[in-house]
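First the structure, in the form of structure tokens, and then the observations on it.
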Amino acid sequence: MPGCAAEMDRLGDEIAELSAHLDAATARLLDLIRDVDAGGGWGNGFRSCAAWLSWRVGLDPGTARERVRVARALGALPRLAEALARGELSYAKVRALTRVATPDTEERLLAVGRAGTAEHVERIVRGWRRVDKKAEAMESAKRHAGRALHLYQDEDGMVVIRARLEPEVGAVVRQALDAAREALYQRARGSDAGAGMINKNVPAGTSPADVSAEPPTMAQQQADALGLLAESALHHGIESGAPGERYQVVVHVDAPVLADPDAPGQSVLDDGVHVSAETSRRLACDATRVVMRHDPDGQVTEVGARTRTIPPALRRALHYRDRGCRFPGCGLRLGQGHHIRHWAHGGPTTLSNLAMLCHRHHRAVHEDGYQVERQPDSELRFRRPDGRRARAWRQRTNGDAWLARRAA
């Protein structure tokens, strides 16, 4: 009814106005907390300003610590503080933005806060990079060192797998499982439709009536998909190749971040998980890319044509020339194309600017600080993070084997 709709509009306006007043009051509260924190007014027997605040106004310790953190951050972020005081941004948005904002990025992030919902702002913040290359490298190295996969047999004979994977590796595994699960169960459904009661998933010598009519759970389908992946790898061999178009790992990264790891901006997987700038540069070395332009509010205004960084013909030539990883002493056949001069810096996608590197050494060149350059005689020279050359040495053993050694 018209009268009812008008009343709802009035109530909505009043709610919005009161929310703005609450945000403005919160801004004043944070100013006072910052003054008390800076003046040491909490130091009468309490170990921190957050502990004092928790006692004084009854906040739980976690909320109190967060209030103090936001109050401190806003002291160096006047635009965000003013937007909160005017009720333009909610406390939820400001709390998220202060986790990554700096005086240099404050204006851009303020536009993000004004344009998006609180959920959108949280997603942007999760993928936003602090301009601290050293800290980011340490975080990436910690993640890499923490990777693990444990496989053991349970008491009933079932095999149990537990793994911790880096975000970009986990994304690959997730996409591979989705592809295998869809292929497996689409094939099974197609077989059922074509053969009536015949089901390929029924073991030999078993009638359909012996099998539960309940469809497999998602967990059971995931287990079947993992088995199919293992069988496919052993049957077809583990070789690198162009990824499937439907099942791709997507990384959203700002162009300045690709060109300069010290630049502020996003570097985030499609599900919002942050990865380092160098990880994005490594993944972009040999991948399809789509360039999108955004307006100041973050809305997409233009989408460029999809470009494959290394075309199939050039990839075959690269495999034929390098015959495996070019890192000294490695030679692993499974490899990825690495741009010696990254295309974000204007490096061309040509055979002379490419080198084959295995996953481990491709990561070493990007995330771990190793360097590679092509010499005038077309040979590659690798250097350790400390500038010393990375060499391979030859030792006579029973098989005259090549062993890798990083020598001075």
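Distance from the alpha carbon centroid of segment 1-79 to that of segment 100-177 works out to 29 angstrom. Scalar couplings 3J(HN,Hα) for segment 6-11, obtained by applying the Karplus form with A = 6.51, B = -1.76, C = 1.60 to θ = phi - 60°, are 5, 5, 5, 5, 5, 4 Hz; x denotes Gly and Pro. Using equal-weight Cα scatterers in the Debye expression, the normalised intensity of segment 63-172 in log10 at q = 0.14 Å⁻¹ is -0.70. Using a cutoff of 8 angstrom between alpha carbon atoms and counting only pairs six or more residues apart, the relative contact order for segment 22-148 works out to 23 percent.
Sparse packing (at most 14 other Cβ atoms within 10 Å of the Cβ) combined with a DSSP loop state is found for the following trypsin sites (Lys or Arg not before Pro) in segment 23-82: Arg47. Here the accessible area of segment 1-131 is 56 percent carbon and sulfur, with a 1.4 angstrom probe and all protein chains present. Looking at segment 1-62, the accessible area is 70 square angstrom per residue; that uses a 1.4 Å probe and ignores ligands, DNA and RNA.
Report the extension gain between Glu214 and Gln375 in nm, rounded to one decimal, defined as 0.36 nm multiplied by the number of residues separating them, less their alpha carbon distance. Spell out each step's value before the answer.
Values: separation 161, 0.36 × 161 = 57.96 nm, distance 6.35 nm.
Value of the extension gain: 51.6 nm.
Backbone geometry of segment 362-375 corresponds, through the Karplus equation with coefficients 6.51, -1.76 and 1.60 at θ = phi - 60°, to 3J(HN,Hα) couplings of 5, 5, 4, 5, 8, 6, 9, x, 6, 10, 9, 9, 8, 7 Hz, x marking Gly and Pro.
With 5 Å bins beginning at zero, the pair-distance distribution over Cα atoms of segment 1-149 amounts to 2, 9, 14, 16, 15, 14, 12, 8, 5, 3, 1, 1, 0 %. Dipole check for segment 1-124: with +1 at the C-beta of Lys and Arg, -1 at the C-beta of Asp and Glu, and the Cα centre as origin, the magnitude is about 620 Debye.
Considering only Thr117, Val160, Gly146, the residue lying farthest towards the positive end of the dipole of segment 106-163 is Thr117, judged by Cα position with unit charges set on Cβ.
The values are calculated or read from the model by the stated rules, or taken from the named source; none is laboratory data. In this text the structure is predicted, and so the values were computed from the model without any measurement. Note: ideal-geometry Cβ built from the backbone for every residue, glycine included; neighbour counts use all protein chains shown. Ligands, DNA and RNA are stripped out before the accessible areas are found, and what is left, the full protein with its side chains, is counted by its heavy atoms. Shrake-Rupley method; radii C 1.70, N 1.55, O 1.52, S 1.80 Å.
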